[in-house]
């Protein structure tokens, strides 16, 4: 019977490992398939919001992450001509979260922390060098075929294998949305911008009609992100001259910051047509991708994993009908469309606004919200994704 078979999770990134931890915690046997030879060391996502930390705390992972990361109690909006537009203190959220701050901690640290917690559990196994080619829902179970020809049977399969998800493609689930014409360039430097920018918060967004950017501090480096116009060739963006020109936009007269890492990537706003098709389930980037302004992609994926893990455990144990998994789709896909996609698009449009009236309106709105604790509380409920979780819980 399919109940005797494990849940197979494809992808050992943060979303896949969180889903594994939730399922194992509910007594469900889990096999994680990872295409790489080891856990990924990519920096990628690095922002963890307050409710995400509350969730990870239940797995025993939050304390270690906080020790390995940077607690960012404030978030700023700035401009080159005005300086600080608004300074938000996450402390106003202390009435609704145990972690009233943003944590800046590279996502690869979370996967290693979770692996350390899971590796000796009898219901957990992880297989490296296991790249998935396809999957087939056979009604009573799922057959997963690896690129090396090996076949694995699962009660359910969770595709947590990223934006190019083999599971999503194999299931024929459309990935609806669009790709922004510009790309994003991330430059990391060990130089401390707080030495030359007075009162700089660890999370700072610069609104500018010519070229917005943001500065984000993670352990050991500051990450600076810039938009790259569509007409600039990829190879040109990876040169030192291009990096220096971007850096020169941060503080006048300085462009000589050492570069530790640089990454160029295309930016999408896409959502899978469904997060559940029979015994095939999607979570994280396999289910939805968005621009990184606001740090909502990684956090939304972790929220997917918690929602899905709890419901899938009930179904696997025979405590609830399989239709319960449709609620996962309705709740998580619903808030992805309603909140995450809309908020991340608005974040980008606000920072790059070119019309003077739109610029003034955004700056006035942010300054007013930051200056009033009640308005700051309401605003931070949205950007920290507490509102999206509340909304998901309302969907029946």
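The values are calculated or read from the model by the stated rules, or taken from the named source; none is laboratory data. In this text the structure is predicted, and so the values were computed from the model without any measurement. For neighbour counting, all protein chains shown are included, and Cβ atoms are generated from backbone atoms with ideal geometry for every residue, glycine included.
For residue 6, the test of being more than 15 Å from the chain's Cα centre (by Cα) and either closer than 18 Å to residue 298 by Cα or surrounded by fewer than 24 Cβ atoms within 10 Å (Cβ to Cβ) (or both) is passed.
For the range 151-165: of the residues being in contact (Cβ under 8 Å) with a residue 12 or more places away in the chain and over 19 Å from the mean Cα position of the chain (by Cα), which is nearest to residue 272 (Cα to Cα)? Looking at residues that are in contact (Cβ under 8 Å) with a residue 12 or more places away in the chain and over 19 Å from the mean Cα position of the chain (by Cα), I get 157. Report whether or not residue 309 is within 15 Å of the chain's Cα centre (by Cα), closer than 17 Å to residue 8 by Cα, in contact (Cβ under 8 Å) with a residue 24 or more places away in the chain and buried (at least 20 other Cβ atoms within 10 Å of the Cβ). No; evaluated as a whole, the condition is false for this residue.
Can we say residue 322 is modelled with pLDDT of 95 or more and part of a loop (DSSP other than H, G, I, E, B)?
Working: modelled with pLDDT of 95 or more: yes; part of a loop (DSSP other than H, G, I, E, B): yes.
Against the criterion (modelled with pLDDT of 95 or more and part of a loop (DSSP other than H, G, I, E, B)), residue 322 qualifies.
Of all residues in the range 281-297, those satisfying the criterion of being modelled with pLDDT of 95 or more and either surrounded by fewer than 24 Cβ atoms within 10 Å (Cβ to Cβ) or assigned to a helix (DSSP H, G or I) (or both) are 284, 285, 286. Scanning the range 22-38 for residues that are in contact with a strand residue (DSSP E or B) (Cβ under 9 Å, 6 or more places away or on another chain) and part of a loop (DSSP other than H, G, I, E, B) gives 28, 29, 34, 35.
Considering 83, 91, the condition of being closer than 16 Å to residue 215 by Cβ and surrounded by fewer than 17 Cβ atoms within 10 Å (Cβ to Cβ) is satisfied by 83 alone. Every test in (1) touching a strand residue (DSSP E or B) at 6+ places or on another chain (Cβ under 7 Å); (2) part of a loop (DSSP other than H, G, I, E, B) is passed by residue 312 save one, and that test is (2).
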